[in-house]
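Read the structure below first, then the notes.
The values are calculated or read from the model by the stated rules, or taken from the named source; none is laboratory data. Keep in mind it's a predicted model, so treat the numbers as computed, not measured. Note: ideal-geometry Cβ built from the backbone for every residue, glycine included; neighbour counts use all protein chains shown. Quick note on the areas: whole protein, heavy atoms, side chains included, nothing else; ligands and nucleic acids left out. Shrake-Rupley method; radii C 1.70, N 1.55, O 1.52, S 1.80 Å.
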Amino acid sequence: AEVDQQLRVLCNRGDGENALHQRIPIADLFFGREALTAQLVERVTALTTASSLRFLAVVGASGSGKSSLVRAGLAVVLKQQGWHTSVFTPTAQPLTQLETQLGRLPSPAAAAPCLILVDQFEETFTLCHEEATRVAFIDKLLALATPPQPSLDWGEGHDVVDEETAPPSLGGRLG
């Protein structure tokens, strides 16, 4: 029971970051999804040059490995390629978390491309109970995903957020 409590504390710091991901070099433990990681890297890279919206949603059932794929796969590979990567979870205060991450980004004059990765995007709906905050968060993400802003990627539980439960500003972008 004490170990379970310690893991809960590590996994839920309340600041949008998962301490367990920070303390354990998850990329060293990640294997078996190299082809999928390479496909994601290719898609994100292509979005930086050939898209009017730099947005990619990684969707799947809860527990299917989206977080490890984007945190230990995509983010690590892009960082190795010179990208600045920012990974966070929305928590109950998604807009505050996003603003914190934006404050950590390099200046616009920096030459490195940026990836803002919103892991556990479904927290926007399961933990944040203020619709105005959810809408403002999503609108800000979509504004950031419009060039020349950073690329944006999020992992979500497809069993929590779908076309019917998503706010109108997401339109047909899920799926």
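Restricting attention to region 36-62, and to residues there that are open to solvent by 70 Å² or more (accessible area, probe 1.4 Å) and of a type outside the set (Asp, Glu), which single residue is modelled with the lowest pLDDT?
Ala50
Quick one: which of Ala166, Ala112, Ala75, Ala132 is surrounded by fewer than 21 Cβ atoms within 10 Å (Cβ to Cβ) and either at pLDDT 90 or above or not in a loop (DSSP other than H, G, I, E, B) (or both)?
Just one listed residue meets the conditions, Ala132.
Limited to region 78-109, what total is found for residues that are under 18 Å from Glu122 (Cβ atoms) and part of a loop (DSSP other than H, G, I, E, B)?
Selection size over region 78-109: 5.
Among residues belonging to region 92-109 that are open to solvent by less than 20 Å² (accessible area, probe 1.4 Å) and touching a helix residue (DSSP H, G or I) at 6+ places or on another chain (Cβ under 8 Å), point out the one that is farthest from Thr48 (Cα to Cα). Break it down stepwise before answering.
Going residue by residue through region 92-109, those that are open to solvent by less than 20 Å² (accessible area, probe 1.4 Å) are 94, 97-98, 101.
If we keep only those that are touching a helix residue (DSSP H, G or I) at 6+ places or on another chain (Cβ under 8 Å) as well, we get 94, 98.
Working: Pro94: 25, Leu98: 21 Å.
That would be Pro94.
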